[in-house]
1. How long are the semi-axes of the equivalent ellipsoid of region 111-172, taking √(5λ) for every eigenvalue λ of the Cα gyration tensor, in whole Å from largest down?
2. Considering only protein heavy atoms, what is the solvent-accessible area of I280 at a probe of 1.4 Å, reported in Å² to the nearest 10?
3. Please compute the contact order of region 13-68 in relative form: average sequence separation of alpha-carbon pairs under 8 Å and at least six residues apart, divided by the residue count, as a percent.
4. For region 293-358, state the average projected area of the convex hull of the C-alpha atoms over all orientations, rounded to one decimal in nm².
5. May I ask which residue of V68, S101, S144 lies farthest towards the positive end of the charge dipole of region 25-159, with charges of +1 (Lys, Arg) and -1 (Asp, Glu) on Cβ and the Cα centre as origin?
6. Would you list D256, D400, D285 from the most to the least accessible area, probe 1.4 Å?
7. If I take all pairs of Cα atoms in region 188-340, what percentage of them are more than 18 Å from each other?
8. Which residue, R108, R381, R190, has the most motion in a Gaussian network model of the chain that connects Cα atoms within less than 10 Å?
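The values are calculated or read from the model by the stated rules, or taken from the named source; none is laboratory data. All of these numbers come straight from a predicted model, not from anything done at the bench. Every residue, glycine among them, receives a Cβ derived from its backbone with ideal geometry; neighbour counts consider all protein chains shown. Keep in mind that these areas ignore ligands, DNA and RNA; they rest on the heavy atoms of the full protein, side chains included. Shrake-Rupley method; radii C 1.70, N 1.55, O 1.52, S 1.80 Å.
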Amino acid sequence: MADRVTVIGWDGSPLTAAARAALGAATLVAGAAHHLALPEVPHTAERIRLGSVALAARRIAGHRGTAVVLADGDPGFFGVVRTLRAPEFGLEVEVVPAVSSVAAAFARAGMPWDDAQVVVAHRRTLRRAVNVCRAHTKVAVLTSPGAGPAELGLLLDGVHRTFVICEELGTEREQVTVVTSDKAADHTWRDPNVVIVIGGPVGSAEGGGWIAGRDPGAGPRGWVQPDEAYDGELGEGETQLLRAAQLARLGPRVGDLVWDIGCGGGAFATEAARAGAAVIAVDRDPGACARTESAARGFGVHLQIVHGTAPHVLENLPEPDVVRIGCGGAALVSAVADRRPQRIVTHAATRDAAELVGRDLTEHGYRVECALLQSVELDTRTWTETERNVVFLLSGVLPDRAP
């Protein structure tokens, strides 16, 4: 095992005295090509071109001597330190950090970033990274080949965002470009790059925030809000207790894309967005679309609103993770199930309708649950009933989709 392992971050600035001392004593140095070309790397040291960090870690674990790993930016922030410290390698590392590429990108843009989401986009996580960009005002995306600015722009089709694209930060070829998301695919971008994705008004809370990223304490308490919190008209399927049950069954979260079909007054769509998910709200009624837009604006969340009749309007929408169907019956449920979301929730007014929907979901391979929900509102001054709602709540979970 290596006698000593030092991980050095490099941001294009001259190396610190500590970094130079560690490199001077190194008998093995691992890094990218531009790291290994640094003049401080000893000519006598064994060199490893860093591709797979896990393979390099195995080489380092078997090395007798002093090892150095060079990485861009802060190697402890979405970097190599996590892999090197994995138990199977048994390495104890010292870290000499540099300015992270995310911090450098926001510095170039002249913007604060304590209120930003930070995501990593590669081929397996690109869709989830795009969903975060749909849902949040300020996102930094650490890209990779095949999951860069062009791909982000293409997948954000229909959603306007501004991209600040920072290429090859800290090098002589550094370049910062500002484009709208719909123009990002018109260019060829150099790796590595960081994309700052901006949508909507950008500003910090009065006096600054208290926690990095999206403030979980923003807005009123409660997963769902009282019906009267929405000024517009709410439909039968949007009552407060039914919304709570629907949200509990679907569990929308950061990185998810939610379809809300038949969004009505926008209550469910807004509350799914408050949970951090990206939401596409669909309705054939222009008034419902307007009410949904107003509700989202009132709670300060981002939604994409699509005016059209389902299922035809769904054909060109990106793939959902979870879907709420507010109206439409078994035919619409069947069309949605064909798209294979991981979870579907809907409701029915009668047992016959519930059985029809449940049978269809079962035929599509979903595990179906149904509950008869009855909510009775009482006037607590006289303890008399003021309103009663009874619905069948149906949910389908696709067992072969990851949760």
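1. Details: eigenvalues 60, 48, 26 Å².
Three semi-axes, in Å: 17, 15, 11.
2. About 0 Å², ignoring ligands and nucleic acids.
3. Working: 63 pairs, mean separation 23.4, N = 56.
After rounding, I find 42 percent.
4. Average of the hull's projected areas for region 293-358 equals 5.4 nm².
5. Towards the positive end, the residue furthest out is S144.
6. Values: D256 10, D400 120, D285 65 Å².
So, going from the largest accessible area down, we get D400, D285, D256.
7. The proportion of pairs with Cα distances above 18 Å equals 60 percent.
8. With Cα springs under 10 Å in the chain, the top fluctuation among R108, R381, R190 is at R381.
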